[in-house]
Structure formats: structure tokens, C-alpha cells
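The values are calculated or read from the model by the stated rules, or taken from the named source; none is laboratory data. What you see is a predicted model; the values in this text were computed from it and never measured. Reconstructed Cβ throughout: ideal geometry from the backbone, glycine too, with neighbour counts over all protein chains shown.
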Amino acid sequence: MAEVENLVLDILRRLQSDMADLKQGQRSIRDELIGVRQQLHAMQGDSLRREQEVAGILVQLDRINTRLDLVEH
């Protein structure tokens, strides 16, 4: 009976160790995912700023064209 108990304890210890490894891997993946999300948000912000800059430049170009009477009426 002691052998069976030792075998069960050994199996439970291995399972516990495997679960700890899985949890650590999950934490690592979660941390990497957070990093990827942060980079994505930064890239989206950069893209939005560029779009705003281009829109501003187009408005200025329209004003210049109007002042120089380069716009067809």
C-alpha cells in the first residue's frame, strides 16, 4: 500500500511541477502580448498623427491655391 501511496504522491508532484511550468509560460505569453498591444497602440497613434498632419497640409495647400487664384471657379 505504501508503494501505491508513494506512486500517487510522485505523480501528483510531477503534475504540480508541470502546472507551475504551464503557469509560468502563460505569464510569459501574457507579458509578450501586452508588449505587442502597446506597440500596436503606439503605431496607431503615429498613423493618426500623420493623417492629421497631411490633412493640415492639404488645407494649407487649398488656401495657397485660393490666394494665388490657381483654383478653377
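Would you mention how many residues in region 11-60 are among the β-branched types (Val, Ile, Thr) and closer than 30 Å to VAL71 by Cβ?
Looking only at region 11-60, we keep the residues that are among the β-branched types (Val, Ile, Thr), and these are 11, 29, 34, 36, 54, 57, 59.
Within this subset, residues satisfying the condition of being closer than 30 Å to VAL71 by Cβ are 54, 57, 59.
Residues in region 11-60 being among the β-branched types (Val, Ile, Thr) and closer than 30 Å to VAL71 by Cβ: 3 in total.
Just one of the listed residues (GLU5, GLU72) is loosely packed, with under 10 Cβ neighbours inside 10 Å and either at pLDDT 95 or above or part of a helix (DSSP H, G or I) (or both), and it is GLU5.
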